[in-house]
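Below is one structure, written out as structure tokens, with a few remarks after it.
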Amino acid sequence: MKHMLDEALNDNAALHDRLRALAPALQRLGETMLACWDKRGKVLTAGNGGSMADAMHLAEELSVRYKKNRRALAAVALCDPSAITCAGNDFGYDTIFERQVEALGNPGDILVVFTSSGNSQCVVRAVTLAKKQGLTTVAFLGKDGGKLKGTCDIELHVPSPNTARVQEAHLLLYHTLCEWIDARVN
């Protein structure tokens with residue numbers, strides 16, 4: 001166990017310098033979100049599996065609270081099981097987020113996706129439609145960035161082949177984002 005923990009900690013530490021380089025993109029995301037909320041827009045979040053858990057976690061930190069009591073910020077995770085299973089059944093799994101973006105996304109809103117591979121077709125299609133609908137697109141990526149690399153307005157790419165390290169880094173990044181937002185919103 002100790003060996004495995006040491007290895008995980010060493011892998012995580014090796015990513016820290018790469019994460020520091022993402023500070024400008026993270027600040028740009030924060031500023032983009034504040035501008036969106038100032039216009040009464042909303043943030044939509046999406047991802048599969050553990051990435052869906054991250055999408056849900058970010059949305060609740062924004063809409064309810066992070067560290068301090070402040071006004072609620074419009075953020076919705078696209079994780080309604082009835083919408084997902086209906087879209088999957090009626091149109092195919094690749095449409096589960098796309099259909100929700102079509103229904104809920106407005107020009108000026110933001111779509112934030114989490115994907116450790118960058119290749120999930122349901123996420124790629126949601127981003128493609130969001131861009132057509134005038135949403136700002138944001139991707140928290142891992143590995144080599146996959147098909148989504150270079151396609152979103154803002155990208156936070158954690159270049160690790162290890163999904164667990166990618167998801168841990170994404171958590172660190174969006175918690176830092178939430179702390180930055182908390183400091184600016186009453």
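Identify the residue in the range 71-87 that is surrounded by fewer than 16 Cβ atoms within 10 Å (Cβ to Cβ) and of a type outside the set (V, I, T) and, among all such residues, is nearest to A46 (Cα to Cα).
Only one residue tops the list, namely D80.
The rows are residues; the columns are (1) under 16 Å from the mean Cα position of the chain (by Cα); (2) among the β-branched types (V, I, T); (3) over 16 Å from V127 (Cβ atoms).
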| site | (1), (2), (3) |
| --- | --- |
| G30 | yes, no, yes |
| V64 | no, yes, yes |
| N69 | no, no, yes |
| V76 | yes, yes, yes |
| A83 | no, no, yes |
| T95 | no, yes, no |
request  = Hey, can you tell me all the residues within the range 43-53 that are surrounded by fewer than 23 Cβ atoms within 10 Å (Cβ to Cβ) and touching a helix residue (DSSP H, G or I) at 6+ places or on another chain (Cβ under 8 Å)?
outcome  = N48, G50
inquiry  = Here's a check for you: in the range 155-179, which residue that is among the polar types (S, T, N, Q) and in a helix (DSSP H, G or I) is nearest to N69 (Cα to Cα)?
reply    = T176
Per-region count, the range 31-70, residues part of a helix (DSSP H, G or I) and either touching a Lys or Arg at 6+ places or on another chain (Cβ under 8 Å) or farther than 13 Å from F114 by Cα (or both) = 12
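Let's see how each residue does on (1) surrounded by fewer than 18 Cβ atoms within 10 Å (Cβ to Cβ); (2) out of contact with any Asp or Glu (no Cβ under 6 Å at 6 or more places or on another chain); (3) in contact (Cβ under 8 Å) with a residue 12 or more places away in the chain:
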site: T137; (1), (2), (3): no, no, yes
site: G142; (1), (2), (3): no, yes, yes
site: C152; (1), (2), (3): no, yes, yes
site: E155; (1), (2), (3): no, yes, yes
site: P159; (1), (2), (3): yes, yes, yes
site: A169; (1), (2), (3): no, yes, yes
site: T176; (1), (2), (3): yes, yes, yes
site: E179; (1), (2), (3): yes, yes, yes
site: V185; (1), (2), (3): yes, yes, yes
inquiry  = Here is a list: N186, N106. Which entry is at pLDDT below 95, more than 23 Å from L22 (Cα to Cα) and not in a strand (DSSP E or B)?
reply    = N186
The lone exception for R99 - which of (1) of a type in the set (K, R); (2) over 18 Å from V127 (Cα atoms); (3) in a helix (DSSP H, G or I) it fails = (2)
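The values are calculated or read from the model by the stated rules, or taken from the named source; none is laboratory data. Quantities reported herein were computed from a predicted structural model and do not represent experimental measurements. Glycine gets a Cβ as well: all are built from the backbone with ideal geometry, and neighbour counts include every protein chain shown.
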